[in-house]
Amino acid sequence: MSASPDFIPLSIAVLTVSDTRTLAEDTSGAYLVAALQEEGHHLHARELISDDIYALRAVLSNWIADADCHGVLVTGGTGFTGRDSTPEAVTPLLDKQMPGFGELFRAISFEEIATSSLQSRALAGLANGTFIFCLPGSTGACRTAWEKLLRAQLDARTKPCNLVGLRPRLMEN
């Protein structure tokens, strides 16, 4: 599949999952908003919620049901502590998982943080034609994910293929 010759802006939501940060202290969410807008994408919405499975599912479900939301970047809640529940909240909502995202993110992270990358439960998938990416809560991890994976895959000009090029066929039966 060849990429489109033109940039196609997407409408992307950013959700921060944290029990300790406020929106004013949310450097990871702020980084993701700035990065996606700098590339030419549109911010669909931005929220910060506590690490609660049902609150996360409620916010995410609304965005998944909104045809104007093309993707969601979730930061936080992907670790191993008792309150980290992002993977458990998100996985049941996915129509399809994208296992390569988590695998590749951890491989890239290994170069930066060595074996600490094992603690990441980063994941991605598709729900109702909406791309969902769950990233660790650290700003460094969000930067790694954006710069080394997401920026290129959310750009229709990336060859030989990209996620944007798949959008017209995501809802096929």
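The values are calculated or read from the model by the stated rules, or taken from the named source; none is laboratory data. None of these values were measured; they are calculated from a predicted model. Don't worry about glycine lacking a Cβ; one is built from the backbone with ideal geometry, like all the others, and counts go over all protein chains shown.
Against the condition more than 16 Å from Ala127 (Cβ to Cβ) and either over 13 Å from the mean Cα position of the chain (by Cα) or at pLDDT 95 or above (or both), how does Met1 come out, does it pass? Criteria met by Met1. Taking the listed residues Leu126, Leu135, the one that is of a type outside the set (S, T, N, Q) and touching an Asp or Glu at 6+ places or on another chain (Cβ under 6 Å) is Leu126, with no other qualifying. Taken over the stretch 114-157, residues that are crowded, with 23+ Cβ neighbours inside 10 Å and under 19 Å from Leu170 (Cβ atoms) amount to 9. So which residues in the stretch 42-88 are closer than 19 Å to Ile12 by Cβ, touching a Lys or Arg at 6+ places or on another chain (Cβ under 9 Å) and among the small types (Gly, Ala, Ser), if there are any at all? Within the stretch 42-88, Gly76, Gly77 qualify.
Of the set (1) among the hydrophobic types (A, V, I, L, M, F, W, C); (2) over 17 Å from Leu135 (Cβ atoms); (3) surrounded by fewer than 16 Cβ atoms within 10 Å (Cβ to Cβ), all apply to Ile64 but (3).
Out of the residues in the stretch 14-26 that are aliphatic (A, V, I, L, M) and out of contact with any Lys or Arg (no Cβ under 7 Å at 6 or more places or on another chain), state the one that is surrounded by the most Cβ atoms within 10 Å (Cβ to Cβ). Looking at the filtered set, the residue picked out is Val17.
Taking into account only those residues within the stretch 27-44 that are free of Cβ contacts under 8 Å to residues at least 40 places away in the same chain and more than 11 Å from Leu73 (Cβ to Cβ), which is surrounded by the fewest Cβ atoms within 10 Å (Cβ to Cβ)? Among them, the one singled out is Glu38. Evaluated against (1) more than 19 Å from Leu150 (Cα to Cα); (2) free of Cβ contacts under 8 Å to residues at least 24 places away in the same chain; (3) among the aliphatic types (A, V, I, L, M), Leu23 falls short on exactly one condition, (2). Here the stretch 82-104 is the region considered, the condition is being closer than 20 Å to Ala145 by Cβ and either touching a residue at least 40 places away in the same chain (Cβ under 8 Å) or of a type in the set (S, T, N, Q) (or both), and the residue that is surrounded by the fewest Cβ atoms within 10 Å (Cβ to Cβ) is Thr91. Of all residues in the stretch 135-142, none are assigned to a helix (DSSP H, G or I) and closer than 14 Å to Gly71 by Cβ.
Restricting attention to the stretch 158-173, and to residues there that are assigned to a loop (DSSP other than H, G, I, E, B) and of a type outside the set (A, V, I, L, M), which single residue is surrounded by the most Cβ atoms within 10 Å (Cβ to Cβ)?
In the first step, residues of the stretch 158-173 are kept if they are assigned to a loop (DSSP other than H, G, I, E, B); the result is 158-162, 170-173.
Keeping just the survivors that are of a type outside the set (A, V, I, L, M) gives 158-162, 172-173.
Values: Thr158: 16, Lys159: 12, Pro160: 8, Cys161: 12, Asn162: 20, Glu172: 5, Asn173: 2.
So, considering only residues that are assigned to a loop (DSSP other than H, G, I, E, B) and of a type outside the set (A, V, I, L, M), the one surrounded by the most Cβ atoms within 10 Å (Cβ to Cβ) is Asn162.
Only one of the numbered conditions (1) more than 25 Å from Val33 (Cβ to Cβ); (2) of a type in the set (A, V, I, L, M, F, W, C); (3) buried (at least 16 other Cβ atoms within 10 Å of the Cβ) is violated by Ala107, and that is (3). For first residues located in the stretch 106-117 and without any contact (Cβ under 8 Å) to a residue 24 or more places away in the chain, partners that are assigned to a helix (DSSP H, G or I) and charged (D, E, K, R) and lie 6+ apart or on another chain with Cβ distances below 6 Å form the pairs Ser117/Arg106. With a requirement of 3 or more residues that are closer than 22 Å to Leu154 by Cβ and aliphatic (A, V, I, L, M), the helices (runs of 4 or more DSSP H) lying completely within the stretch 11-108 that satisfy it span 27-38, 53-65.
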